[in-house]
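Below: one structure in C-alpha cells.
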Amino acid sequence: MRFRFVKLGVGVLLLGFAAGCGGGRDAALPDLVPVSGTVTLDGQPLANALVTFLPVGSTRGRSCYGVTDASGRYELMENEKSKGAPVGAFSVLCNKWVMPDGSDFPSDTTLSAMDAGAVELLPPRYSMEDSSELTANVPAGGGTVDFALTSK
C-alpha cells in the first residue's frame with residue numbers, strides 16, 4: 001500500500017515538472033519579447049477570443065497565446081509565468097467559442113467548449129490550424145500585431 005502512494009507521489013511530481021511547474025523557463029528556449037495587439041471582427045472589438053501564435057519555419061520556441069478583453073486587446077504569454085513570444089514567424093489562430101444562445105463560452109468551466117455544446121464563431125480561415133490565413137512576424141524588440149477579421 002505504501003509503495004502505491006510513493007509511486008503516485010512521484011507521478012504527480014513528474015507531471016508537475018513536465019507541465020512547467022518545477023521552476024523557471026527552460027534555458028534552451030529563446031528569450032521572449034512583449035507582443036500585444038487588438039482583434040476586431042467587422043470593425044468591432046472581439047472580446048473573449050483566444051489568439052494563438054504557432055511557430056513556423058526556423059522559429060524556435062513554444063506556441064504563445066492571449067485572450068482578448070472587452071476592447072479586443074490581447075497580450076501574448078507562453079504560460080501564466082512567462083509573458084511574451086519568441087522572435088520569428090508564426091501562423092496565427094483566432095478562436096471565439098459561443099454557446100447555442102450566442103453568449104460567450106464560460107471560461108470558468110471544467111468542460112471543453114465542444115463538451116459544453118459551444119460552437120466556433122469564427123470561420124476556419126481564422127480558427128483552424130490547417131487553414132488559417134493569419135500570420136505574424138515578431139521583431140527583435142517585440143511589438144503590436146493587430147488582426148482585422150471579417151465574418152463574410
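The values are calculated or read from the model by the stated rules, or taken from the named source; none is laboratory data. Note that the structure is predicted; figures quoted are calculated from it, not measured. Virtual Cβ from ideal backbone geometry, glycine too; neighbours counted across all protein chains shown. Protein only, heavy atoms only, side chains kept; ligands, DNA and RNA dropped before computing areas. Shrake-Rupley method; radii C 1.70, N 1.55, O 1.52, S 1.80 Å.
Test L111 against the criterion of being over 22 Å from P139 (Cα atoms), aliphatic (A, V, I, L, M), part of a loop (DSSP other than H, G, I, E, B) and open to solvent by less than 30 Å² (accessible area, probe 1.4 Å), and give yes or no.
For L111, the condition - over 22 Å from P139 (Cα atoms), aliphatic (A, V, I, L, M), part of a loop (DSSP other than H, G, I, E, B) and open to solvent by less than 30 Å² (accessible area, probe 1.4 Å) - is not met.
Among the listed residues T52, T110, T68, T38, which satisfies the condition of being out of contact with any strand residue (DSSP E or B) (no Cβ under 6 Å at 6 or more places or on another chain), polar (S, T, N, Q) and on the phi < 0 side of the Ramachandran plot?
The unique qualifying residue is T110.
Then there is this: Could you tell me whether M99 is open to solvent by 30 Å² or more (accessible area, probe 1.4 Å) and modelled with pLDDT under 95?
yes
How do the pairs read when you match residues in the range 39-57 that are within 19 Å of P124 (Cβ to Cβ) with residues anywhere that are in a strand (DSSP E or B) and of a type in the set (K, R), using Cβ under 9 Å and keeping only pairs 6 or more apart or on different chains?
Hits for this filter: V39/R73.
Just name the residue that is nearest to the chain's Cα centre (by Cα) out of those in the range 116-134 that are outside any loop (DSSP other than H, G, I, E, B) and closer than 11 Å to L93 by Cβ.
At the first step, the residues of the range 116-134 found to be outside any loop (DSSP other than H, G, I, E, B) are 119-120, 124-127.
If we keep only those that are closer than 11 Å to L93 by Cβ as well, we get 120, 124-127.
Values: E120: 15, P124: 16, R125: 17, Y126: 13, S127: 12 Å.
By that ranking, first place goes to S127.
Out of the range 135-152, which residues are open to solvent by less than 50 Å² (accessible area, probe 1.4 Å), part of a loop (DSSP other than H, G, I, E, B) and not hydrophobic (A, V, I, L, M, F, W, C)?
Of everything in the range 135-152, just one residue is open to solvent by less than 50 Å² (accessible area, probe 1.4 Å), part of a loop (DSSP other than H, G, I, E, B) and not hydrophobic (A, V, I, L, M, F, W, C), namely G142.
Can we say P139 is touching an Asp or Glu at 6+ places or on another chain (Cβ under 9 Å) and modelled with pLDDT of 95 or more?
no
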